[in-house]
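J.: Dropping a structure here in structure tokens format, bear with me for questions.
The values are calculated or read from the model by the stated rules, or taken from the named source; none is laboratory data. Source: prediction; values computed, not measured. Using ideal geometry, Cβ is built from the backbone for each residue, glycine included, and neighbour counts are taken over all protein chains shown. Just so you know, the surface numbers come from the protein's heavy atoms only, side chains and all, with ligands and any DNA or RNA stripped out. Shrake-Rupley method; radii C 1.70, N 1.55, O 1.52, S 1.80 Å.
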Amino acid sequence: MQDALVPIKVDAAHGELIQLVSFNLDQEEYGVDVLKVREIIRMPIVTRVPNTPNYVEGVINLRGKVIPIISMRKKFSLTEAENDKQTRIMVMDVEGELMGFIVDAVSEVIRISGSEIQPSPAVVSGGIDQECIAGVINQAERLLVLLKLEMMFSRDEKKFFTGM
Amino acid sequence: MPPIDCEDQELLEGFLAETTELLEKLDDDLITLEKSSDDTELMNRIFRSIHTIKGASSFLGFDLLVKVAHKTEDVLNRLRKRELVVTPEIMDVILEATDLVKLLVADIKAGEIQERETEGTIAKLLPFLTENAGVAQPPAAGATPTEPVATAATEQPQPTPVVETSSAAPSTPPATASVPVPAPQPAANVAPKKIPAPPKPSDAKGDDLSDSSTVRVDVKRLDDLMNQVGELVLERNRMIQINQDLQQGDANRPDFQEEFGKLTKRMSFVTSELQMQVLKMRMIPVEKVFKKFPRIVRSMSRDLGKEVDLQIFGEETELDRSVVDEIGDPLIHLIRNAMDHGLESPDERMAAGKSRVGTLVLAAVHEGNQIIISIKDDGRGIDTERVGRKAVEKGLLSEDQLAAMSQREMFDLIFLPGFSTKEKATDLSGRGVGMDVVKTNIKKLNGLIEIKSEKGQGSEFILRLPLTLAIIQSLLVEVEGEVYSIPLSSVLETIRVDQRKFHMIGGQEVLKLRDMVLPLIRLQKVFNVQQRYERDDICYVVVVGAADKRMGLVVTRLVGQQEVAIKSLGNYLANIPGIAGSTILGDGRVTLIVDPVGMIEGNE
């Protein structure tokens with residue numbers, strides 16, 4: 001997080017300003033709406049929960065509240081990596097429920113205007129389900145994949161979660 | 001349909017809370033009155049209750065309600081003045097009228113004023129007013145003799161405690177906004193249509209009246225709570241101070257450790273006090289459920305032509321409201337069962353050499369952190385042979401299975417869904433649903449049910465329920481390095497055994513425990529825990545029970561017993577088989593709570 005906030009020129013004609021939290025996952029950069037992110041924490045002790053999909057790492061105690069932890073890498077079928085000093089849990093609000101997502105590193109908060117978001121090309125990165133990609137942000141040096149949290153879990157997955 | 005124009009939601013809520021409370025009490029009082037009709041104080045109280053209801057509803061413009069309440073009040077007034085004598089017939093009518101009032105109040109609560117047939121009930125009340133016509137002409141509502149009560153009644157809805165209404169608000173549907181609303185021609189709409197008659201007391205509608213979304217808390221308890229919180233704040237300040245000292249390097253002071261130790265002790269003291277207080281506030285006497293039973297028993301005994309003496313003990317026993325809300329239904333079913341199947345008719349009883357009047361004892365008592373409720377009758381008892389035969393007839397089990405059954409297992413047959421010894425379903429029983437409901441609900445509460453019965457002597461149903469569902473005593477166990485928590489209320493015993501003593505029966509591991517064959521579940525397998533230790537022959541078996549079933553959970557090690565607060569796993573992980581929830585241990589780690597009930601069911 002040592003990088004300063006990258007200021008981006010905003011042209012009023014280019015639509016409203018959106019703030020994103022960007023994070024890294026297997027060489028790629030992703031972004032989610034800053035309003036969805038509640039906090040970013042280091043890896044605590046995770047309690048495994050049996051009989052859940054493999055990407056559910058378990059649950060943690062977030063100041064007295066028990067929340068599920070999802071491994072983004074496993075969710076997107078990326079190669080697994082050891083947790084290191086950069087590993088973070090992003091606690092996010094997914095349809096009213098708090099959930100923690102393990103990411104490789106959280107880099108910064110960036111501002112973009114809505115018009116910079118382009119529809120995602122047919123094939124983006126490897127295993128990510130197309131549904132949860134809201135678009136791609138193409139800036140001079142970087143390519144950012146914008147995630148739509150509500151679409152993170154397919155209908156079947158939700159069914160598993162909320163009652164088989 | 002006439003619309004209710006109720007501008008003031010708060011007023012309406014106050015009215016509902018008040019009326020509901022009064023009605024609950026009324027039933028009980030009426031039954032008592034039948035037994036001791038000379039009790040003037042009681043008589044007056046009943047009169048006042050119905051008068052208050054009448055006053056408040058007329059204030060709010062619920063005309064149907066006023067009409068019924070008014071006539072009932074008139075009859076009660078005559079009883080009060082001793083112009084009439086309390087007879088079962090009068091009581092029947094008054095009770096019917098009370099039921100109708102309940103139904104109407106339930107309608108208001110649901111936000112839908114329905115057209116109800118009130119004429120029938122009112123017509124039944126009228127004869128008691130017209131005999132000795134001279135005195136009987138009821139005065140108009142305003143001119144009622146008890147003027148002070150009348151004023152009190154109209155005023156009552158307003159001073160609703162804020163606590164109550166605010167907490168009720170979210171749960172009350174946007175009812176009044178969309179309520180179909182009263183018309184100028186209110187009283188005229190009692191067309192003699194075919195409309196559901198007043199409900200039987202046992203109908204669910206009446207039960208819905210008791211609302212559990214609001215709590216009335218004794219002000220004293222609230223003050224105590226405030227005191228405790230005040231102390232907690234002081235201790236917190238002290239802690240901040242100590243932390244500052246520590247930062248500044250004062251930690252080497254000789255008395256620092258002692259200071260800190262003291263603080264910890266005080267903190268833990270205040271916290272447990274606080275926990276007790278809050279728990280107490282959630283506690284309500286089981287009376288809330290029990291008090292509707294005299295009424296049910298009375299009407300059933302009249303319907304069935306049986307004579308019953310209902311004795312209630314321990315109604316002051318307190319338990320958590322979450323539990324109280326859940327045990328109403330099972331208890332009603334058990335009482336119906338006892339009345340219908342257990343107790344014999346007076347003639348049969350005489351023939352069997354018993355007294356004409358059957359006894360039904362309903363008792364509640366605390367035992368440790370459990371509450372034990374027993375329903376005992378001195379009727380004919382469970383005829384296991386007949387039960388077994390019926391079960392085979394209904395295809396619920398085979399002859400061979402039956403032959404292999406113990407007495408105990410035979411008793412348990414009555415809990416099977418669809419089981420009934422009745423040839424024909426009646427209003428009261430015979431559909432084979434009731435006892436299944438009992439079992440399901442008790443299981444849901446993590447409770448156990450036990451049956452004692454002797455042919456010809458009567459039967460007893462014993463329910464063991466946890467006092468609360470929010471904080472539980474639990475047994476911490478370790479499974480290959482992972483710690484799980486098992487609700488102590490389901491744990492019957494723990495045994496240290498050699499795994500070589502396990503047997504296999506039809507692919508199921510079992511353990512011979514005294515005279516019982518105990519099916520086993522390895523938590524390591526169901527929870528897919530990676531084996532971490534060298535295989536050790538010695539392990540522990542935690543015997544758990546749910547309702548009438550027993551089962552052994554195989555674990556590596558027992559860790560200890562701890563009181564834990566249940567935390568939900570959230571919507572996303574709400575339905576993991578075998579897991580009931582989670583809790584946070586002293587070290588901040590999350591531990592999962594095993595759901596023995598679900599596990600036993602899953603294994604069936």
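J.: How do the pairs read when you match residues in region B:41-54 that are within 11 Å of B:T19 (Cα to Cα) and assigned by TED's automatic domain parsing to the domain that holds B:A69 with residues anywhere that are buried (at least 24 other Cβ atoms within 10 Å of the Cβ) and hydroxyl-bearing (S, T, Y), using Cβ under 6 Å and keeping only pairs 6 or more apart or on different chains?
T.: Pairs that qualify, where the first residue is within 11 Å of B:T19 (Cα to Cα) and assigned by TED's automatic domain parsing to the domain that holds B:A69 and the partner is buried (at least 24 other Cβ atoms within 10 Å of the Cβ) and hydroxyl-bearing (S, T, Y), are B:I50/B:T72; B:I53/B:T19.
J.: Also, I was wondering about something else. Does B:V497 satisfy being over 20 Å from B:G481 (Cα atoms) and more than 13 Å from chain A (Cβ to nearest Cβ)?
T.: When the stated conditions are applied, B:V497 does not pass them.
J.: Quick one: is A:F161 surrounded by 15 or more Cβ atoms within 10 Å (Cβ to Cβ), at pLDDT below 85 and assigned to a helix (DSSP H, G or I)?
T.: Considered against the rule, which asks whether it is surrounded by 15 or more Cβ atoms within 10 Å (Cβ to Cβ), at pLDDT below 85 and assigned to a helix (DSSP H, G or I), A:F161 comes out as yes.
J.: Continuing with the same structure: Does at least one position in region B:574-583 carry a residue that is within 9 Å of chain A (Cβ to nearest Cβ), open to solvent by less than 30 Å² (accessible area, probe 1.4 Å) and over 30 Å from B:L416 (Cβ atoms)?
T.: yes
J.: Moving to a separate point now. What pairs come out if I take residues in region B:479-497 that are among the aromatic types (F, W, Y) and pair them with residues that are surrounded by 20 or more Cβ atoms within 10 Å (Cβ to Cβ) whose C-beta lies under 6 Å away, six or more apart or interchain?
T.: Cβ pairs passing all conditions: B:Y484/B:V477; B:Y484/B:L592; B:Y484/B:V594.
Residues are listed down the side, and each one gets a yes or a no for (1) over 27 Å from B:I471 (Cα atoms); (2) in contact with a strand residue (DSSP E or B) (Cβ under 6 Å, 6 or more places away or on another chain); (3) open to solvent by 10 Å² or more (accessible area, probe 1.4 Å):
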residue: B:L518; (1), (2), (3): yes, yes, no
residue: B:V526; (1), (2), (3): no, no, yes
residue: B:E534; (1), (2), (3): yes, no, yes
residue: B:G545; (1), (2), (3): no, yes, no
residue: B:G552; (1), (2), (3): no, yes, no
residue: B:V555; (1), (2), (3): no, yes, no
residue: B:L558; (1), (2), (3): no, yes, yes
residue: B:E563; (1), (2), (3): no, yes, yes
residue: B:Y572; (1), (2), (3): no, yes, yes
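J.: Right, another one. Just checking, which of B:R302, B:R266 is open to solvent by 70 Å² or more (accessible area, probe 1.4 Å), in contact with an Asp or Glu (Cβ under 7 Å, 6 or more places away or on another chain) and either in a helix (DSSP H, G or I) or modelled with pLDDT under 85 (or both)?
T.: B:R266
J.: What's the total number of residues in region B:91-117 that are modelled with pLDDT of 75 or more and either within 15 Å of B:T72 (Cβ to Cβ) or touching a Pro at 6+ places or on another chain (Cβ under 8 Å) (or both)?
T.: 15
J.: Can you name the residue in region B:312-326 that is at pLDDT 85 or above and of a type in the set (A, V, I, L, M, F, W, C) and is also most open to solvent (accessible area, probe 1.4 Å) among such residues?
T.: Looking at the filtered set, the residue picked out is B:F313.
J.: A follow-up question, please. Scan region A:34-44 and give yes if some residue there is in a loop (DSSP other than H, G, I, E, B) and crowded, with 19+ Cβ neighbours inside 10 Å, otherwise no.
T.: Checked against the condition, which is being in a loop (DSSP other than H, G, I, E, B) and crowded, with 19+ Cβ neighbours inside 10 Å, region A:34-44 yields no hits at all.
J.: Across region B:584-597, what is the number of residues that are open to solvent by less than 20 Å² (accessible area, probe 1.4 Å) and facing chain A (nearest Cβ under 8 Å)?
T.: Selection size over region B:584-597: 3.
J.: Now for a separate question. Where residues in region A:53-63 are of a type in the set (V, I, T) and free of Cβ contacts under 8 Å to residues at least 24 places away in the same chain, which of them is farthest from the other protein chains (Cβ to nearest Cβ)?
T.: A:V56
J.: Using the structure shown, decide if A:I128 is more than 14 Å from chain B (Cβ to nearest Cβ), open to solvent by less than 30 Å² (accessible area, probe 1.4 Å), in a loop (DSSP other than H, G, I, E, B) and modelled with pLDDT under 90.
T.: In short, yes.
J.: From (1) modelled with pLDDT under 85; (2) open to solvent by 10 Å² or more (accessible area, probe 1.4 Å), pick out the condition that doesn't hold for B:D309.
T.: Of the numbered conditions (1) modelled with pLDDT under 85; (2) open to solvent by 10 Å² or more (accessible area, probe 1.4 Å), the odd one out for B:D309 is (1).
J.: For A:I70, state whether it is within 15 Å of the chain's Cα centre (by Cα), open to solvent by less than 30 Å² (accessible area, probe 1.4 Å) and away from chain B (no Cβ under 14 Å).
T.: So A:I70 fails the test.
J.: Further question: What number goes with the only condition from (1) within 14 Å of chain A (Cβ to nearest Cβ); (2) open to solvent by 60 Å² or more (accessible area, probe 1.4 Å); (3) under 30 Å from the mean Cα position of the chain (by Cα) that B:L492 does not pass?
T.: Result: B:L492 passes all but (1).
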